[in-house]
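What follows is a single structure, written as structure tokens, with notes after it.
The values are calculated or read from the model by the stated rules, or taken from the named source; none is laboratory data. What you are looking at is a predicted structure, and each value in this text was computed from that prediction instead of being measured. We place every Cβ from the backbone using ideal geometry, glycine too, and count neighbours over all the protein chains shown.
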Amino acid sequence: MKEYTLPALFLLAPFLILSTGYIWTGQQIGLMVIFLFLMATMIENKWLRAFLFYAIAWQTALFIHALTHPMVFQLAIASGYTQVLFMTAGAMIFMTASKSKLSVSTFYNIICIAVLIQVFIAIPQKYMGFDLVRMALSLIAPTKSIYTTPVLVGTLGNSNYLAAFLAFSVPFFFRKWWIWSLPLVIVALAMSMSSSAVIAAVIGIVVFFFRGYDEIGRKWIICLAAILGISAYIVIDSPGFVNERFHIWTAAFNQVVQWPLGIAFGLGPGAAWAQNYPLHSEWVTLFHQFGVIGIILAVGYLLTVSRKNIHLFSSFVIIVINMFGNAALHIAPTAFLACMVAGLMERK
């Protein structure tokens, strides 16, 4: 039946008028939904494929609702279209990494190079008063920093996002030659003062170095590291965790339960919680937008990923843990790296 998917969607395309504006805009939005659908059909992992189909169905429902209730759901067009494009980009990165003919070691080298570039940009920002990024941008347009004191951000604009970018890469430095540059990465990671990234990296390193244990021993070690990591996160970041993040997570949860079907389905992709910034947790965001169904599909995917490549698997563990207290998938560089790691894990 897969052979008939593209012709069938072609017949459907002229009727996908998913917009309250011009008919051509609606058909363009419909084409993007079709593109994401086609990408989903090419992904072999059934849980990830099912999640994308679920997201597509949710998004299409929002577009149709916006079409029939333009005064109420006008924002669904703008936010929904962006969500479709972002998910499509993620699926494309995932598929390209999984099908690429480049060796995994080549990808590792590229990741390490990208991380070291960020380190060499970030450290002078904080301790030498030399912001290469701002200087370069000032040559093109007036540039102003949003920070009143020197910060370690590289080109990612926030210490937490830079820290996540560094943390995801740590396992790839446990190789010949690259190991000598790892201390520099660790120092930059520690200087970021990002508990969500530091603790995730520590747990990922534990997973990496205890690969020699049998399956039962490895599971116990991973569970112990997870408990210690979460406990340390609460202790290290307790003021922010209790007063700020717990507050906004509670606010998002209360929004979900107000809708009778919210717990099961969430509020839909791209749903805003209250402010114009992310919820600082991809897992809370997943529940807020896709409900328990989304959580189940995501957990199903986590349980079925390949564990054969310890570099990729330990990096994947860091990504998953970091997402408990960070919005890594809402920032392009960290999302790119996460999707690439996931795609490389799909290789046979």
Based on this model, can you work out whether residue 115 counts as assigned to a loop (DSSP other than H, G, I, E, B) and hydrophobic (A, V, I, L, M, F, W, C)?
no
Test set (1) buried (at least 16 other Cβ atoms within 10 Å of the Cβ); (2) outside the structural domain of residue 43 (by TED's automatic domain parsing); (3) free of Cβ contacts under 8 Å to residues at least 60 places away in the same chain - residue 123 fails condition number:
(3)
Of all residues in region 10-41, which are in a helix (DSSP H, G or I), without any contact (Cβ under 8 Å) to a residue 40 or more places away in the chain, within 22 Å of residue 66 (Cα to Cα) and of a type outside the set (Ser, Thr, Tyr)?
12, 13, 14, 15, 23, 24, 27, 28, 30, 31, 34, 37
Checking the conditions here, which among 26, 80, 90, 21 is of a type in the set (Gly, Ala, Ser), at pLDDT below 85 and closer than 26 Å to residue 301 by Cβ?
80
Test each condition in (1) touching a Gly at 6+ places or on another chain (Cβ under 8 Å); (2) within 30 Å of residue 33 (Cβ to Cβ); (3) assigned by TED's automatic domain parsing to the domain that holds residue 315 for residue 171 and report the one that comes out false.
(2)
Restricting to region 248-300, what's the tally of residues that are among the aromatic types (Phe, Trp, Tyr) and farther than 18 Å from residue 328 by Cα?
3
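Scan 102, 67 and give me the residue that is without any contact (Cβ under 8 Å) to a residue 24 or more places away in the chain and either more than 27 Å from residue 298 (Cα to Cα) or under 19 Å from the mean Cα position of the chain (by Cα) (or both).
Sole residue among the options that is without any contact (Cβ under 8 Å) to a residue 24 or more places away in the chain and either more than 27 Å from residue 298 (Cα to Cα) or under 19 Å from the mean Cα position of the chain (by Cα) (or both): 102.
So that you can scan it fast, the table gives a plain yes or no per residue for (1) buried (at least 19 other Cβ atoms within 10 Å of the Cβ); (2) over 30 Å from residue 169 (Cβ atoms); (3) basic (Lys, Arg):
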position	(1), (2), (3)
21	no, yes, no
27	no, yes, no
42	no, no, no
61	no, yes, no
67	no, yes, no
84	yes, no, no
100	no, no, no
Within region 132-165, can you find the residues that are farther than 20 Å from residue 112 by Cβ, at pLDDT 85 or above and of a type in the set (Ser, Thr, Tyr)?
159
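Residues that are within 15 Å of the chain's Cα centre (by Cα) and either crowded, with 23+ Cβ neighbours inside 10 Å or assigned by TED's automatic domain parsing to the domain that holds residue 173 (or both): list the helices (runs of 4 or more DSSP H) wholly contained in region 245-348 that include at least 3 such residues.
The helices (runs of 4 or more DSSP H) meeting that bar are 282-304, 310-322, 332-345.
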Reported set for region 118-137 where residues are under 23 Å from residue 169 (Cα atoms) and small (Gly, Ala, Ser) is 122
Close pairs from region 300-318: first closer than 14 Å to residue 98 by Cβ, partner among the small types (Gly, Ala, Ser), Cβ under 8 Å, at least 6 apart
305/342; 312/306; 316/342
